[in-house]
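**Student:** Below: one structure in structure tokens.
Each value in this text was obtained by applying a stated rule to the coordinates, not by laboratory testing. The shown structure was predicted, so the numbers you read here are calculated from the model rather than taken from an experiment. Positions of Cβ are generated from backbone atoms using ideal geometry, with glycine treated the same way; all protein chains shown enter the neighbour counts.
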Amino acid sequence: MYTSILVGLAVTLAAPAPKEPPKKESSIVGEWVGEKLVIGGKEMPPAKGLKGVRFTFTEDGKFTVQNESETPETGTYKVDPKKDPAEIDLVQPLGTKNGPTLGVYRIEGDTLTMCFAFTLAGPKAPPRPAKLESPADSDIMLMTFKRAKK
């Protein structure tokens, strides 16, 4: 009898611990309110920055971006959160003729940071930024948003 109790106890102690559930990644889905805009290493004043800009991302791959005083623009998006940094592609029907806008993003708590290269001329879209930064004298735009309060 003691042998079976000891064997049962040994098996119980040697069994692997239950795995913790995988961490749920924060989703870009939802409404985001503009906080800060940096272009070419220079922070833009609120009036010229993201004040009043709202991005809304839906689960079905669509987004809307709207400034308080302008007509909303819509499009589709695709994200790859497994990349480092995570990647985002925006396709706007009324936007660039150069193809999708390629960027990188990060979500930390209720903060969304997105980074895109831009150009006003040229036959194709600029390459995707490699980092979440806007170096001085670059054509890279770094935007910070807060998740909208419900």
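**Student:** Too long at a 23 Å Cα-Cα cut-off: which of 78/146; 42/78; 51/82; 48/78; 36/149? Could you put the intermediate results ahead of the total?
**Tutor:** Details: 78/146 20 Å; 42/78 28 Å; 51/82 30 Å; 48/78 27 Å; 36/149 17 Å.
Flagged as over cut-off: 42/78; 51/82; 48/78.
**Student:** For 68, 43, 31, what ranking results if the residue with the fewest other Cβ atoms within 10 Å of its Cβ goes first? Intermediate results must be reported in sequence, preceding the final value.
**Tutor:** On the way: 68 8, 43 12, 31 16.
Ordered from fewest to most neighbouring Cβ atoms within 10 Å, 68, 43, 31 come out as 68, 43, 31.
**Student:** Now a separate question. Residues with beta-carbon under 15 Å from that of residue 64, excluding residue 64: net charge, scoring Lys, Arg +1 and Asp, Glu -1? All intermediate terms of the calculation are to be shown ahead of the outcome.
**Tutor:** Numbers: positive: 54, 62; negative: 31, 59, 60, 68, 70, 73.
Here the charged neighbours net out to -4.
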